[in-house]
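In what follows, a single structure is set out as structure tokens and then discussed.
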Amino acid sequence: MAKAREINIRRMERADLEDVLAIERTSFGDPWPVMAFLGEFENQVSFQYVAVSGTNRIAGYCIYWIVLDEGHILNIAVAQDERGQGIGRKLMNFCLDHMFSMGVHYVLLEVRLNNAVAQGLYKSLGFRELNIRHGYYADGSDAVIMLKEMR
Ligand SMILES: CC(C)(COP(=O)(O)OP(=O)(O)OC[C@H]1O[C@@H](n2cnc3c(N)ncnc32)[C@H](O)[C@@H]1OP(=O)(O)O)[C@@H](O)C(=O)NCCC(=O)NCCS
């Protein structure tokens, strides 16, 4: 199991967006535009966090919603050169702990069918495959819908 080195998790701020967008653009073929991130700041049910390394560098981020007893992971990414060190797992555990403390019973997410790394992470955290949504992404590729029941 990868071990996270010195990493702090804190709320994402507008000033972080340049670094966050740089990670977003190298992580996804269909990156969120800046407006999508700005929209999350205005959304009452949305939570945005960044993982910051000891050298004060933004190493990753996650965005999720909490609506009543349901959680939804919308976005998570780690900088390419910071992957495989446990940062993604740390971000996921952070948001799952937060959701649990807020009374969430179900957590949903979508992940590309061919994204074995992310699916491996989610399965190890107790997510299971619920459904395949064909043609979910803009490029026509399929999504796996995954669910975790909190206990
Ligand atoms: C998915 C992602 C966030 C994982 O972040 P990370 O910091 O590299 O992950 P971690 O080091 O915490 O590893 C967590 C788990 O992911 C899986 N994993 C990580 N790197 C892997 C690799 N190269 N091959 C296979 N599985 C891998 C393993 O299950 C690992 O658990 P383990 O270390 O106990 O074996 C990162 O790869 C990423 O940003 N990918 C691009 C964006 C993306 O796909 N986001 C998810 C969209 S749904």
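The values are calculated or read from the model by the stated rules, or taken from the named source; none is laboratory data. This one's a predicted model, so the numbers in the text were calculated from it and none came from an experiment. Please note: Cβ atoms are built from the backbone with ideal geometry, for glycine as well, and neighbour counts cover all protein chains shown. For the accessible areas, the whole protein counts, side chains as well, though only heavy atoms, and no ligand, DNA or RNA atoms are used. Shrake-Rupley method; radii C 1.70, N 1.55, O 1.52, S 1.80 Å.
Using 0.36 nm per residue of separation minus the Cα-Cα distance, give me the extension gain between Arg133 and Glu149 in nm, one decimal.
Between Arg133 and Glu149, full extension yields 3.8 nm more.
So, by mean Cβ neighbours within 10 angstrom, what's the order for 132-138, 64-70, 91-97 with the highest one leading?
Going by the mean number of other Cβ atoms within 10 Å, highest first, we get 91-97, 64-70, 132-138.
Using only DSSP helix segments of four residues or longer, with each worth -39500 (n - 2.57), what per-residue ellipticity at 222 nm results for the chain after dividing by its residue count and rounding to 500?
Result for the chain, helices only: -9000 deg cm²/dmol.
If I stretch the segment between Ala36 and His105 completely, what's the gain in nm (0.36 nm per residue apart, minus their alpha carbon distance), one decimal?
This chain segment gains 22.2 nm when fully extended.
Using label points projected 7 Å from each Cα along Cα→Cβ, tell me how many nm separate Asn56 and Glu70, to one decimal.
4.2 nm
For the residue pair Leu113 and Asp142, what label-to-label distance in nm results when each label sits 7 Å from Cα along the Cα-to-beta-carbon direction?
About 0.3 nm separates the two model spin labels.
At what distance in angstrom do the alpha carbon centres of segment 87-123 and segment 61-81 lie from each other?
Using only Cα atoms to place each centre, the spacing works out to 7 Å.
Apply the Karplus curve 6.51 cos²θ - 1.76 cosθ + 1.60, θ = phi - 60°, to the phi angles in segment 85-97 and return the couplings in whole Hz, x for Gly and Pro.
10, x, 6, x, 4, 5, 4, 5, 5, 4, 6, 5, 4
Place the peptides 75-83, 119-127 in order of packing, highest mean first, counting for every residue the other Cβ atoms within 10 Å and averaging per peptide.
75-83, 119-127
Top to bottom by accessible area (1.4 Å), largest first, where do His98, His105 land?
The most accessible residue leads, giving His105, His98.
If you take the square roots of the eigenvalues of the alpha-carbon gyration tensor of segment 77-151 and sort them as a ≥ b ≥ c, do you get rounded (a/c under 1.5), prolate (a/b over b/c) or oblate?
oblate
Under 5 Å between amide hydrogens, which residues at least 5 positions from Ala59 or on another chain qualify, with H placed 1.01 Å from N in the peptide plane?
Ala51, Val52, Ser53
How high is the relative contact order of the chain, given as a whole-number percent (alpha carbon pairs under 8 Å, six or more residues apart)?
20 percent
By how many nm would the segment from Lys123 to Arg10 lengthen if fully extended, with 0.36 nm per residue of separation less the alpha-carbon distance?
Gain on stretching Lys123 to Arg10: 38.2 nm.
Under the Karplus relation 6.51 cos²θ - 1.76 cosθ + 1.60, θ = phi - 60°, what is the ordered set of whole-Hz ³J(HN,Hα) values for segment 54-70, x standing for Gly and Pro?
These are the phi-based 3J(HN,Hα) values: x, 8, 6, 9, 7, 9, x, 7, 8, 10, 8, 10, 10, 10, 6, 9, 10 Hz.
What number, in nm² with one decimal, is the all-direction average of the projected area of the convex hull of the alpha-carbon atoms of segment 33-130?
Taking the Cα atoms of segment 33-130, their convex hull projects to 7.0 nm² on average.
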